[in-house]
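Read the structure below first, then the notes.
The values are calculated or read from the model by the stated rules, or taken from the named source; none is laboratory data. No experiment lies behind these values; they were computed from the predicted model shown. Heads up, the Cβs are rebuilt from the backbone with ideal geometry, glycines too, and the neighbour counts pull from every protein chain shown. Areas reflect the complete protein model, heavy atoms only, side chains present, ligands, DNA and RNA absent. Shrake-Rupley method; radii C 1.70, N 1.55, O 1.52, S 1.80 Å.
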Amino acid sequence: MFELPSGAEIQNIIATLKSGALHFLPEIYLSALFLVLILLDLIFRPKKHYLLSVTALVGLAGSFYFIFRQHAMTGNEIFFGMYAIDEFSVFFKYFFVASGMLTVMISMPSLELNTRASGLGEYYSLIIGMVIGMVMMASATDLLMIFLSMELVSLAAYVLTGYMKREQRSTEAALKYMIYGAVSSGLMIYGFSIIYGLTGSTNISVISQVLIDRGYDPLLLMIASLMVLVGIGYKIGAVPFHFWSPDVYEGAPIPVTAFLSVASKAAGFALLIRYFYVAVPHIGAPGAFTPGMDWVTMLMILSVASMIYGNVVALWQKNIKRLLAYSSIAHAGYLLLGIIVMDELGTQATLFYLVSYLLMNFGAFLVAVIIANKTGSENIDDYRGLGRRMPLTGAAMTVFLISLVGLPPTVGFIGKLMIFSALLAKGSVFIWLALIGILTSVISLYYYMLIPLNMYLRESKQPLPDTISSGFLPGIVTAGLMILTLYFGIFFTPLSDFARYAITVFGNQLY
């Protein structure tokens, strides 16, 4: 029979929540920013777009202060062990806030949003809501917290995808996204329920130990593991859970597509790394897991399928957003390679590659926004002749695409080099994985370089002005991202060291 908690137990709960709140300041601050944006929209109707965008940008920048303070708080678990403040979560908090700021900066000059959307009242609030959810995904150490944070991200993403509700492709994309998301979430929570039934706990650290100590049914655990993998695979956009990506990327506004392709994918990888390294039972030897739970083989299959499928299908794409969607699927495969090796270098390489992907992919989408503003087209054939008419934009797009291929002297080259080096150091079957990664990168060279080919070596069939301005703010952000892509390709040590700092929390889980 259920009994109400005693007064002492209630006092203990309140004291735990109060002490946890001191470690929860970045999330509280972002939640306050979310409410402020809603109030500003209700109070200041005229010219609210500029007010909301600037407030969101400045507010997100302000959250860096609270995240920086958490460097001294690492090693703490709050809210009864449901939430971790550690080096890993701090790394991703910086990442997600930076992604949100770039999304806001890309959204400000987007004519697609400013002219075709019915209003931007809730747009920036939803971006902040997604940032909050992704920050919580990176810190969650409990199955319930994991699911709640994932749903917070997903619900905001569904609305943002269909934000241009008068556009048929936008509403269609949102509907597909929601249906696929609902199915994957349902399967994942069912897998969580099986794991809870096997262990009697929702804490991922306890789950691993209980499975080793008490034993389990291998078939039942494999079913549960596959269901959990469906939910995570959907979030990272890996084959065969990728079906939503092309249509959603094409139908969503370009800034939202950029946000989903980088930040949402990174949130999925943050969850995968923490769950794979902590909750999955390890029995001592590198790559050795309890019977019936061969996660390494499953992730290998997903990685190889994603690299091959994403790069091959991208060869036929003519829409820039669909091309980058299939490219995103391929990059999910590359990122999985670093996780599979389960050592310090591989995990460090994955985090480094995520940062490089942030720079080069946001840069490519920003150029897509600029060109769509000027030409009204997302077709790659309409990029012809733009290299001479838009020198900065053309040069920046070329740098971003070279980085996405993984060629020097860009940050993308360093990221892939670190991942392939980790694979080669392991030997055995990992050498074949590295070879597949290298060969599929060669395939990507064709479709990526088709864009600079159109921009510089082919003339437009439509009359265009001799000079086309990209605008002050888009030009500044484009130049900044291009410089960072090149700078970190040469001076990569700071990023590499920060990635190494982030993985110290896993300790003996890495081999």
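The H on the amide N of N76, modeled in the peptide plane, is under 5 Å from the matching H of I85, each at least 5 residues off or on a different chain. Percent of C-alpha pairs per 5 Å bin in segment 56-155, short distances first: 2, 13, 20, 21, 18, 12, 7, 4, 2, 0. Taking each residue as 0.36 nm, the span from N76 to E172 lengthens on full extension beyond its C-alpha to C-alpha distance by 30.2 nm. Taken along the Cα-to-beta-carbon direction at a fixed 7 Å, the label points for L39 and T493 span 4.7 nm.
Here the mean projected area of the convex hull built on the C-alpha positions of segment 127-192 is 4.3 nm². Across the chain, the relative contact order, built from alpha-carbon pairs under 8 Å that are at least six residues apart, equals 14 percent. Report the far tail of the P(r) of segment 339-482, meaning the percent of Cα-Cα pairs longer than 21 Å. For segment 339-482, the fraction of Cα-Cα distances above 21 Å is 48 percent.
For the chain, the longest principal axis of the alpha carbon atoms and the long axis of helix 391-405 meet at an angle near 40°.
The residues of the chain present an accessible area of 38 Å² per residue when probed at 1.4 Å with all protein chains retained.
Around the Cα centre of segment 356-423, unit charges on the Cβ atoms of Lys, Arg, Asp and Glu (plus for the first two, minus for the last two) sum to a dipole of about 180 debye. Protection proxy ranking for 135-141, 476-482, 62-68, using the average of other Cβ atoms within 10 Å per residue and placing the highest first: 135-141, 476-482, 62-68. Of the residues H242, H23, ranked by 1.4 Å probe accessible area with the largest first, the sequence reads H23, H242. Using the rule -39500 (n - 2.57) for each DSSP H run of four or more residues, divided by the residues of the chain, the 222 nm mean residue ellipticity is -24500 deg cm²/dmol. Remark: segment 218-230, residue by residue, has Karplus-estimated 3J(HN,Hα) of x, 5, 5, 5, 5, 4, 4, 5, 5, 5, 5, 5, 4 Hz, where x stands for each Gly or Pro and the curve is 6.51 cos²θ - 1.76 cosθ + 1.60 at θ = phi - 60°. A crude spin-label estimate for the pair I10 and D217, with each label 7 Å from Cα along the Cβ direction, gives 4.2 nm. Calculated on C-alpha atoms, the gyration radius of segment 215-363 divided by its Kirkwood radius gives an Rg/Rh of 1.00. Contact order, relative form, for segment 380-452: 31 percent (alpha carbon pairs under 8 Å, 6 or more residues apart, mean separation divided by residue count). One decimal place: the segment M298-A479 gains 61.1 nm when fully extended, by the rule 0.36 nm per residue minus the C-alpha distance. Taking a temperature of 37 °C and a viscosity of 0.692 mPa s, what whole-number D in µm²/s does Stokes-Einstein yield for segment 328-418 with Rh from Kirkwood over alpha carbon pairs? Translational D for this selection: 232 µm²/s. Overall, the accessible surface of the chain at a probe of 1.4 angstrom is composed of carbon and sulfur to the extent of 70 percent. Computed with a 1.4 Å probe over protein heavy atoms only, the accessible area of R458 comes to about 90 Å².
Zone of T115 (label point 7 Å along Cα→Cβ, backbone N under 18 Å): which residues in segment 161-183? Of the residues in segment 161-183, 164-170 have backbone N under 18 Å from the label point off T115. Shown in residue order for segment 198-211 are the 3J(HN,Hα) couplings computed by the Karplus curve 6.51 cos²θ - 1.76 cosθ + 1.60 at θ = phi - 60°: 6, 10, x, 9, 10, 7, 5, 5, 5, 4, 4, 5, 5, 4 Hz (x for Gly and Pro). Taken one residue at a time, the phi angles of segment 445-458 give Karplus couplings (6.51, -1.76, 1.60, θ = phi - 60°) of 4, 5, 6, 5, 6, 5, 6, x, 4, 5, 5, 10, 10, 10 Hz. Gly and Pro are set to x. Summing Cβ point charges (Lys, Arg +1; Asp, Glu -1) relative to the Cα centre of the chain gives a dipole of roughly 1380 debye. Placing dummy labels 7 Å off each Cα toward the beta-carbon, the span from V58 to S469 is 2.5 nm.
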